[in-house]
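Participant: Would you mind keeping the following structure in view while I ask a few things?
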Amino acid sequence: MCFRYRLSLLILCIFSCLSIANDKVSFDDYVAQLKRDAIAEGFSETFVEQQFSDVQFHQKAVVADKNQPETKITLDRYLSSRVPDWKVKQALELMEQHKALLAQIEWQYGVQARFIVALWGNESNFGRYMGNYPVISSLATMAYEGRREAFFKKQLFAALSILEQGHISRDKFLGSWAGAMGQSQFMPTTFLAYAVDFDADGKKDIWGSTADVFASIANFLKSEGWNEQQTWGRQVDVPEGFDMALVGLGKEKRKSLADWQSLGVRRYNGQDLPTIDLFASLVAPDGDDGRIYLVYDNFHTLMKWNRSSYFGVSIGYLSERIKKGS
């Protein structure tokens with residue numbers, strides 16, 4: 001009786017799983033609903049049919065999303081891969097090449113050129129790697145996959161707005177597997193909020209216009225609180241026995257440089273901290289045994305671009321190497 005009972009449970013479980021699997025609609029049916037939702041959002045039926053006419057399911061995008069790196073990479077390894085010497089060399093060459101344009105944008109937006117170039121280099125290797133996935137297909141695929149359906153549907157409708165406004169044609173509307181676009185790798189909602197037509201050609205072209213790319217990066221940073229009078233932070237050293245509970249980006253953990261000085265925090269070379277009226281936070285991306293940074297408000301702005309402290313440090317590090325010229 002016990003065996004037969006277990007067998008019955010197993011059969012019931014198998015049929016339940018098959019039933020759940022069969023409940024998921026096909027991608028074609030899902031796209032049909034997406035089109036109805038888009039029309040309900042205010043897009044014309046003709047426009048929606050045009051933009052979805054060649055939409056495809058991209059299995060590679062789903063695989064990429066589900067196979068995010070699980071191995072914990074150290075900050076040292078991350079920086080060596082994100083800020084190699086060749087990238088610094090290219091950054092310096094491109095800073096010189098676009099010197100006049102960057103100076104104009106720096107003056108207008110109040111964002112130092114070295115940070116604009118650092119973000120440009122980090123996001124797309126200075127425009128060389130922007131992704132070749134059709135954005136509508138990528139976003140429809142990711143919404144269908146379901147892990148972050150609401151987010152990707154919102155991005156999809158924003159992408160339709162970008163096409164409707166005529167900033168780029170559908171055949172050139174390409175991005176990453178997750179829908180990040182152009183040389184600045186903006187998501188569609190970020191594009192709508194911050195992209196700039198700096199060259200005044202009627203299009204916010206973050207794919208092909210260097211002027212629009214630089215200005216869009218600068219506009220994001222400035223809009224999110226960038227202060228051109230400050231830098232991003234610095235690597236520091238803390239004394240033995242330091243209370244690591246003070247580390248973190250929460251507002252309650254921010255202290256003046258004078259307070260951090262009194263707690264024994266010093267520049268990485270052992271010298272005193274700057275004697276200026278400035279608040280800062282301590283971050284330790286690799287925990288107690290890794291590098292420790294004293295970061296300012298501009299670092300918090302970088303975290304609005306990407307919530308990874310590794311990313312924020314890498315942008316700051318590349319900007320410092322650009323400033324040093326090596």
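Participant: Mind checking whether some residue in segment 102-117 is touching a strand residue (DSSP E or B) at 6+ places or on another chain (Cβ under 7 Å) and either without any contact (Cβ under 8 Å) to a residue 12 or more places away in the chain or polar (S, T, N, Q) (or both)?
Facilitator: The initial filter retains those residues of segment 102-117 that are touching a strand residue (DSSP E or B) at 6+ places or on another chain (Cβ under 7 Å), namely none.
Scanning segment 102-117 turns up no residue that is touching a strand residue (DSSP E or B) at 6+ places or on another chain (Cβ under 7 Å) and either without any contact (Cβ under 8 Å) to a residue 12 or more places away in the chain or polar (S, T, N, Q) (or both).
Participant: Continuing with this model, one more query. Quick check on segment 236-255. Is at least one of its residues at pLDDT 95 or above, within 30 Å of E96 (Cβ to Cβ) and among the acidic types (D, E)?
Facilitator: No - not one qualifying residue is present in segment 236-255.
Participant: Right, next: With the condition kept exactly as written, say whether any residue in segment 156-169 is touching an Asp or Glu at 6+ places or on another chain (Cβ under 7 Å) and part of a helix (DSSP H, G or I).
Facilitator: Looking through segment 156-169, at least one residue is touching an Asp or Glu at 6+ places or on another chain (Cβ under 7 Å) and part of a helix (DSSP H, G or I).
Participant: Any chance segment 79-102 includes a residue that's over 19 Å from N306 (Cβ atoms), part of a helix (DSSP H, G or I) and open to solvent by less than 20 Å² (accessible area, probe 1.4 Å)?
Facilitator: The answer is yes, given that some residue of segment 79-102 is over 19 Å from N306 (Cβ atoms), part of a helix (DSSP H, G or I) and open to solvent by less than 20 Å² (accessible area, probe 1.4 Å).
Participant: So, in segment 107-129, exactly how many residues are outside any helix (DSSP H, G or I) and surrounded by fewer than 21 Cβ atoms within 10 Å (Cβ to Cβ)? Outline the logic, then answer.
Facilitator: Kept after step one, since they are outside any helix (DSSP H, G or I), are these residues of segment 107-129: 110-112, 125-129.
Subsequent filtering for residues that are surrounded by fewer than 21 Cβ atoms within 10 Å (Cβ to Cβ) retains 110, 125-129.
Result for segment 107-129: 6.
Participant: What are the residues in segment 227-245 that are within 14 Å of A284 (Cα to Cα) and among the hydrophobic types (A, V, I, L, M, F, W, C), if any?
Facilitator: V236, V238, F242, M244, A245 - these are the residues of segment 227-245 that are within 14 Å of A284 (Cα to Cα) and among the hydrophobic types (A, V, I, L, M, F, W, C).
Participant: Can you list residue pairs whose Cβ atoms sit under 6 Å apart, with the first residue in segment 200-219 being among the hydroxyl-bearing types (S, T, Y) and the second being at pLDDT 95 or above and part of a loop (DSSP other than H, G, I, E, B)? Count only pairs 6 or more apart in sequence or on different chains.
Facilitator: Final answer for the pair search is S209/D199; S216/S184; S216/A195; S216/V196; S216/I206.
Participant: Please state which of the following conditions W177 fails to meet, knowing it meets all the rest: (1) buried (at least 22 other Cβ atoms within 10 Å of the Cβ); (2) over 30 Å from A103 (Cα atoms); (3) of a type in the set (F, W, Y).
Facilitator: (1)
Participant: Turning to a different aspect of this structure: Can you name every residue in segment 130-155 that is in contact with a Phe, Trp or Tyr (Cβ under 7 Å, 6 or more places away or on another chain) and either in a helix (DSSP H, G or I) or among the hydroxyl-bearing types (S, T, Y) (or both)?
Facilitator: Within segment 130-155, Y133, V135, I136, S138, L139, T141, M142, A143, Y144 meet the criteria.
Participant: Still on this structure: Evaluate segment 179-188: report whether one residue or more is more than 19 Å from the chain's Cα centre (by Cα) and either β-branched (V, I, T) or part of a loop (DSSP other than H, G, I, E, B) (or both). Even if it seems obvious, please write down each step before you answer.
Facilitator: Taking segment 179-188 first, the residues more than 19 Å from the chain's Cα centre (by Cα) are none.
The answer is no; no qualifying residue exists.
Participant: Looking at the structure I just gave you, is E145 without any contact (Cβ under 8 Å) to a residue 24 or more places away in the chain and open to solvent by 10 Å² or more (accessible area, probe 1.4 Å)?
Facilitator: On the way: without any contact (Cβ under 8 Å) to a residue 24 or more places away in the chain: no; open to solvent by 10 Å² or more (accessible area, probe 1.4 Å): yes.
Taking the combined requirement at face value, the residue does not satisfy it.
Participant: Just for helices (runs of 4 or more DSSP H) wholly inside segment 190-307: which have at least 3 residues that are within 19 Å of the chain's Cα centre (by Cα) and either at negative phi or buried (at least 20 other Cβ atoms within 10 Å of the Cβ) (or both)? Before the answer, list the steps.
Facilitator: Values: elements: 210-223, 257-262, 297-305.
Those helices (runs of 4 or more DSSP H) span 210-223, 297-305.
Participant: Are any residues in segment 85-103 of a type in the set (S, T, N, Q) and in contact with a Phe, Trp or Tyr (Cβ under 9 Å, 6 or more places away or on another chain), and if so, which ones? Don't jump to the end; show me each part of the working.
Facilitator: Within segment 85-103, the first condition is being of a type in the set (S, T, N, Q), and the residues that meet it are 90, 97.
If the condition is that a residue be of a type in the set (S, T, N, Q) and in contact with a Phe, Trp or Tyr (Cβ under 9 Å, 6 or more places away or on another chain), then Q90 is the only one that fits.
Participant: Kindly indicate whether Q50 is outside any helix (DSSP H, G or I), touching a helix residue (DSSP H, G or I) at 6+ places or on another chain (Cβ under 9 Å) and open to solvent by 50 Å² or more (accessible area, probe 1.4 Å). Even if it seems obvious, please write down each step before you answer.
Facilitator: Details: outside any helix (DSSP H, G or I): no; touching a helix residue (DSSP H, G or I) at 6+ places or on another chain (Cβ under 9 Å): yes; open to solvent by 50 Å² or more (accessible area, probe 1.4 Å): yes.
So Q50 does not fit the description; no.
Participant: Something else about it: Of the conditions (1) in contact with a Gly (Cβ under 8 Å, 6 or more places away or on another chain); (2) of a type in the set (A, V, I, L, M, F, W, C); (3) more than 23 Å from K324 (Cβ to Cβ); (4) open to solvent by 40 Å² or more (accessible area, probe 1.4 Å), A150 clears all except one; give me its number.
Facilitator: So the condition that A150 fails would be (1).
Participant: Separate question: Out of curiosity, is K60 over 23 Å from S326 (Cα atoms) and open to solvent by 50 Å² or more (accessible area, probe 1.4 Å)?
Facilitator: Numbers: over 23 Å from S326 (Cα atoms): yes; open to solvent by 50 Å² or more (accessible area, probe 1.4 Å): yes.
So K60 fits the description; yes.
The values are calculated or read from the model by the stated rules, or taken from the named source; none is laboratory data. Just so you know, these numbers come straight off a predicted model, no measurement behind them. Virtual Cβ from ideal backbone geometry, glycine too; neighbours counted across all protein chains shown. Protein only, heavy atoms only, side chains kept; ligands, DNA and RNA dropped before computing areas. Shrake-Rupley method; radii C 1.70, N 1.55, O 1.52, S 1.80 Å.
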